[in-house]
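First up is the structure itself, then whatever we jot down about it.
The values are calculated or read from the model by the stated rules, or taken from the named source; none is laboratory data. It should be emphasised that the depicted structure is a prediction, and the values quoted were computed from it without experimental measurement. Cβ coordinates were reconstructed from backbone atoms using ideal geometry, including for glycine residues, and neighbour counts include every protein chain displayed.
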Amino acid sequence: MPGLKPYKKVIYFSGEEKEAKVYEYIDKLIVLFPLFDYFRPYEFYKIIEPEFKSPKITSVNNEIQMMMEKLGYIEHPPGGNAVYVLTEKGRLVKEKGGHFKYLKSLEPKRDWFKIIPIILSIVFGISMAVIGVLNYKLNRDKDKSSIEKEQLNRQIDSLKEKIKILENKRGLN
């Protein structure tokens, strides 16, 4: 009698790799499930994996189904033991295009209608401050120029007076 060979379990994925693969399969499977019909997830493995009975995907089959239930994407319908149906959240995930796109849609988006006015206010405030400073400097320079002009006019007047005095003295001599 030939000897029986002991069963050797092959591990296809390590811990983190396994979790990543489970989410990858969830992302691919969720868009294939019918919206309101009953289904068995393993029936869709053939679409995402070329070999229907791929040992790699069947090694994570239970984790896929448990994670999809845990995430709230699928549930057993009343009276349905081996079949699943998409939940409201599962239909939303399918509509978004998969698990990863759904997660991305949950990220807070920047509200540009609030940010743009703040930025514009800051820019205009800074520009008004710069214009005010420049205007102050120009007025100060204008005042200095007018004072210097008056001083020069006085000097011109005094020089004209001296010229007249000198011409009068020359004319008398």
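Applying the criterion of being surrounded by 10 or more Cβ atoms within 10 Å (Cβ to Cβ) and touching a Lys or Arg at 6+ places or on another chain (Cβ under 7 Å) to the residues of segment 73-83, the residue that is nearest to Tyr38 (Cα to Cα) is Val83. Can you say whether Lys70 is surrounded by fewer than 17 Cβ atoms within 10 Å (Cβ to Cβ), of a type in the set (Lys, Arg) and either in contact (Cβ under 8 Å) with a residue 24 or more places away in the chain or under 14 Å from Ile26 (Cα atoms) (or both), as far as the supplied structure shows? It is true that Lys70 is surrounded by fewer than 17 Cβ atoms within 10 Å (Cβ to Cβ), of a type in the set (Lys, Arg) and either in contact (Cβ under 8 Å) with a residue 24 or more places away in the chain or under 14 Å from Ile26 (Cα atoms) (or both).
Being modelled with pLDDT under 75, of a type in the set (Ser, Thr, Tyr) and under 34 Å from the mean Cα position of the chain (by Cα) is a property that holds for Ser14. When you look at Tyr136, is it of a type in the set (Phe, Trp, Tyr) and touching a Lys or Arg at 6+ places or on another chain (Cβ under 9 Å), yes or no? Against the criterion (of a type in the set (Phe, Trp, Tyr) and touching a Lys or Arg at 6+ places or on another chain (Cβ under 9 Å)), Tyr136 does not qualify. Within segment 15-43, the residues that satisfy the criterion of being touching a residue at least 60 places away in the same chain (Cβ under 8 Å), part of a helix (DSSP H, G or I) and under 22 Å from Asn81 (Cα atoms) are Ile26, Ile30.
Residue-level analysis places Phe100 outside the set of residues that are assigned to a helix (DSSP H, G or I), not polar (S, T, N, Q) and not assigned by TED's automatic domain parsing to the domain that holds Ile26.
Regarding Val85, is this residue in the same structural domain as Val22 (by TED's automatic domain parsing) and outside any helix (DSSP H, G or I)? Yes: the conditions hold for Val85. Considering segment 96-138 alone, what residues qualify as being loosely packed, with under 10 Cβ neighbours inside 10 Å and of a type outside the set (Phe, Trp, Tyr)? Across segment 96-138, the qualifying residues are Leu106, Glu107, Pro108, Lys109, Arg110, Asp111, Lys114, Ile118. Quick check, is Gly132 outside any helix (DSSP H, G or I) and either under 22 Å from Lys46 (Cβ atoms) or not acidic (Asp, Glu) (or both)? When the stated conditions are applied, Gly132 does not pass them. Of all residues in segment 68-122, those satisfying the criterion of being β-branched (Val, Ile, Thr) and within 23 Å of the chain's Cα centre (by Cα) are Val93, Ile115, Ile116, Ile118, Ile119, Ile122.
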